[in-house]
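Asker: The structure follows.
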Amino acid sequence: MKIPARLVAPAFLAIAATLSAAPAAAQDKPAVAKPKNGNWSSVITETAGGHLLGNPEADARLVEFMSYTCSHCADFARSGEGAIKLLYVPSGKVAFEVRHLIRDPVDLTAALAAQCGPANNFFANHAALIGKYADWMAKARSMTQAQMARWNFGSFGSRAQAIASDLDFYEIMEGRGYSRIEVDKCLTDETRAQAIAAQSQADIQKFGLRGTPTFFMGGEQLDAHDWKSLQPHLDALFRK
């Protein structure tokens, strides 16, 4: 799904163009102690390219490249992410990593909100934002000329704040326990924004990404773009 061209603000994403798109770092496997209850579903690690749920040393690492403005990503989050977290990650055999593919200003703003706070908050923030996709995307599609101006002019931080305000990201994050001051600090973090945009560009080049969601496992792209086609790949791991 492509976001309407009128939502794209080139100036907002110019930060990515000013950075060299170096190859993405190799997948890291930080040393993390096994949970006392043996359930890996509560272990979250910030990786070189995204956020990982589960055992960093799992036999299989499922990587999703996703965009917050992608309707198919929202469908997958609703139909598949819960199953992955409940059925595959707890054993420690499969870990699930989410990486951002930034396509437009809304994507970048949502990614900044998702990464707000400690790494342990990421998956809950992510679920809260993508879970409200239909609501805030409807507002994005019907924005006024005045809103478009606020999204496209001014400082980086003011543009991100305008998007967050118009699309109710503040309300979503307040539901997660964040204050507006805390959210503003994240949305105006241009260093973080540059890092997210640069990582996205590096991943696009390294992995040849052409759309979202795109799934990789064991360094290979899977022939799957939704939960129905992805699930057999995960089930096969438990038949070995």
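Asker: Considering only region 153-193, how many residues are open to solvent by less than 30 Å² (accessible area, probe 1.4 Å) and among the hydroxyl-bearing types (Ser, Thr, Tyr)?
Answerer: Result for region 153-193: 2.
Asker: Can you name the residue in region 45-68 that is aliphatic (A, V, I, L, M) and within 11 Å of PHE96 (Cβ to Cβ) and is also surrounded by the fewest Cβ atoms within 10 Å (Cβ to Cβ) among such residues?
Answerer: Kept after step one, since they are aliphatic (A, V, I, L, M), are these residues of region 45-68: 48, 52-53, 58, 60, 62-63, 66.
Those left that are additionally within 11 Å of PHE96 (Cβ to Cβ): 52-53, 58, 60, 62-63.
Numbers: LEU52: 30, LEU53: 23, ALA58: 21, ALA60: 18, LEU62: 26, VAL63: 25.
Checking each candidate, the answer is ALA60.
Asker: For region 122-164, list the helices (runs of 4 or more DSSP H) that sit wholly inside it and hold at least 3 residues that are over 17 Å from TYR68 (Cα atoms); which are they? Break it down stepwise before answering.
Answerer: Working: elements: 122-131, 133-141, 145-152.
Correct list: 145-152.
Asker: Something else now. May I ask you to verify whether ARG150 is surrounded by 15 or more Cβ atoms within 10 Å (Cβ to Cβ), of a type in the set (D, E, K, R) and closer than 24 Å to GLY117 by Cβ? Spell out how you get there, then give the answer.
Answerer: Numbers: surrounded by 15 or more Cβ atoms within 10 Å (Cβ to Cβ): yes; of a type in the set (D, E, K, R): yes; closer than 24 Å to GLY117 by Cβ: no.
Answer is no for this residue.
Asker: Taking the residues in region 217-231 that are more than 18 Å from the chain's Cα centre (by Cα) and charged (D, E, K, R) as candidates, determine which candidate is nearest to ALA77 (Cα to Cα).
Answerer: In this case the residue turns out to be LYS228.
Asker: Return yes when ASP184 is part of a loop (DSSP other than H, G, I, E, B), more than 22 Å from PHE123 (Cβ to Cβ) and modelled with pLDDT of 95 or more and no when it is not.
Answerer: Here the answer is no, as ASP184 does not meet what is asked.
Asker: Take GLY117 and tell me if it is surrounded by 14 or more Cβ atoms within 10 Å (Cβ to Cβ), within 20 Å of GLU190 (Cβ to Cβ) and under 16 Å from the mean Cα position of the chain (by Cα).
Answerer: So GLY117 passes the test.
Asker: Can you go through LEU222, LEU209 and tell me which one is touching a helix residue (DSSP H, G or I) at 6+ places or on another chain (Cβ under 7 Å), closer than 20 Å to ASP59 by Cα and either surrounded by 15 or more Cβ atoms within 10 Å (Cβ to Cβ) or at pLDDT 95 or above (or both)?
Answerer: LEU222
Asker: Here is a further query. Looking at LEU108, LEU86 in this structure, which one is farther than 20 Å from GLY175 by Cβ, open to solvent by 40 Å² or more (accessible area, probe 1.4 Å) and assigned to a helix (DSSP H, G or I)?
Answerer: So the residue among LEU108, LEU86 that is farther than 20 Å from GLY175 by Cβ, open to solvent by 40 Å² or more (accessible area, probe 1.4 Å) and assigned to a helix (DSSP H, G or I) is LEU86.
Asker: Which ones in region 51-83 are without any contact (Cβ under 8 Å) to a residue 60 or more places away in the chain and of a type outside the set (A, V, I, L, M)?
Answerer: Listed by number, the residues that qualify are GLY54, ASN55, PRO56, GLU57, ARG78, GLU81, GLY82.
The values are calculated or read from the model by the stated rules, or taken from the named source; none is laboratory data. Fair warning: this is a prediction, and the values are worked out from it, not measured in the lab. In this analysis, Cβ positions are derived from the backbone assuming ideal geometry, glycine residues included, and neighbour counts consider all displayed protein chains. What goes into the accessible areas is simple: the full protein's heavy atoms, side chains included, and nothing from ligands, DNA or RNA. Shrake-Rupley method; radii C 1.70, N 1.55, O 1.52, S 1.80 Å.
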